[in-house]
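Please read the structure below before turning to the comments.
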Amino acid sequence: MKKLGLFAVSLLMLASLSAQAQNVRVRGTITSLDGDVLSVKSREGKDMKIQLAPDAQVVTAKKVSADEFKPGSYVGVTSVKGADGRLVAKRVHALGPQVPQMHAAWDSIPDSMMTNSNITAITKMGSGSELTLQNKEGEQKILVNSATEYYNFVPGTRADLKKGETIFTGARVDGDKLLSQRVAVSKDGVKPPQ
């Protein structure tokens, strides 16, 4: 019976790892758009082709002030550990409701974390503030300071997917294709913060 239980747990873990492996984050520079195929040179220098869904959402990044974020805002916070071991936000950006909650290692900045959560409180601390974030992983407290950047997204169109612009997308692996439902793209020099 124990062996059967271990086997079942192993299968669940493999299924979970397989599902995680089916999604990739793509960051890079657009080289072309041909119909529904977006060609990108990844930040690692790899040429990639992303198949856009016919109804794929395009959003453009926009820098905003901290005032746009209040308790109740659903945000993504990219943070790193400060000298005292506390998390310090490098970037705070608005998220749509379709983005899953999380608090885990992230790859946009070395040794960073991404926290997708609702802001439950903002407390003034010295020259900055402390964000209290609540999600399924529990409560996180992250400091923001004068170096923290704030972003929002505005609706864009495929016309914004121009050669030379920077993109971020979470793509689903389907065989040898990368499929995307949403692409964040730079505009007026403002790159997607993810």
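The values are calculated or read from the model by the stated rules, or taken from the named source; none is laboratory data. A quick note: this is a predicted structure, and the numbers were derived from the prediction, not measured. Cβ coordinates were reconstructed from backbone atoms using ideal geometry, including for glycine residues, and neighbour counts include every protein chain displayed. Just so you know, the surface numbers come from the protein's heavy atoms only, side chains and all, with ligands and any DNA or RNA stripped out. Shrake-Rupley method; radii C 1.70, N 1.55, O 1.52, S 1.80 Å.
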Quiz item: What share of the DSSP beta bridges in region 44-194 is antiparallel, in percent to the nearest 5?
Solution: 80
Quiz item: Can you give the accessible area of residue 65 in Å² (nearest 10), computed on protein heavy atoms with a 1.4 Å probe?
Solution: 60
Practice problem: Just need the relative contact order of the chain here, percent rounded to a whole number, with Cα pairs under 8 Å and 6+ apart. | Solution: 28
Exercise. Quote the accessible area belonging to residue 168 in square angstrom, nearest 10, computed with a 1.4 Å probe and with ligands, DNA and RNA left uncounted.
Key: 30
Practice problem: Could you look at the chain and say what percent of its accessible area is carbon and sulfur, using a 1.4 Å probe and all protein chains? | Solution: 56
Quiz item: Any idea what the dipole of the chain comes to, in debye rounded to 20, about its Cα centre with Lys/Arg Cβ at +1 and Asp/Glu Cβ at -1?
Solution: 200
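Tell me whether region 25-65 comes out rounded, prolate or oblate; compute the Cα gyration tensor, take square roots of the eigenvalues as a ≥ b ≥ c, and use a/c under 1.5 as the rounded threshold.
It comes out oblate by the Cα gyration axes.
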Exercise. Net charge near residue 121: determine it from the other residues with C-beta under 12 Å of the C-beta of residue 121, scoring Lys and Arg +1 and Asp and Glu -1.
Key: +1
Quiz item: Per residue, how many Å² of accessible area does the chain show with a 1.4 Å probe?
Solution: 57
Quiz prompt | Pairwise centroid distance, computed over Cα atoms, of region 125-149 with region 36-56, Å | solution = 33
Practice problem: Grab the Cα-Cα distance for residue 154 and residue 68, subtract it from 0.36 nm times how many residues apart they are, and report the gain in nm with one decimal. | Solution: 29.6 nm
Self-check item: Principal axis box of the chain, alpha-carbon based, largest edge first, Å
Solution: 61, 50, 28
Quiz item: For region 152-194, how big is Rg over Rh, using alpha carbon atoms and the Kirkwood form of Rh?
Solution: 1.00
Quiz prompt | Lys, Arg +1 and Asp, Glu -1 on Cβ, resulting dipole of region 135-194 about Cα centre, debye, nearest 20 | solution = 180
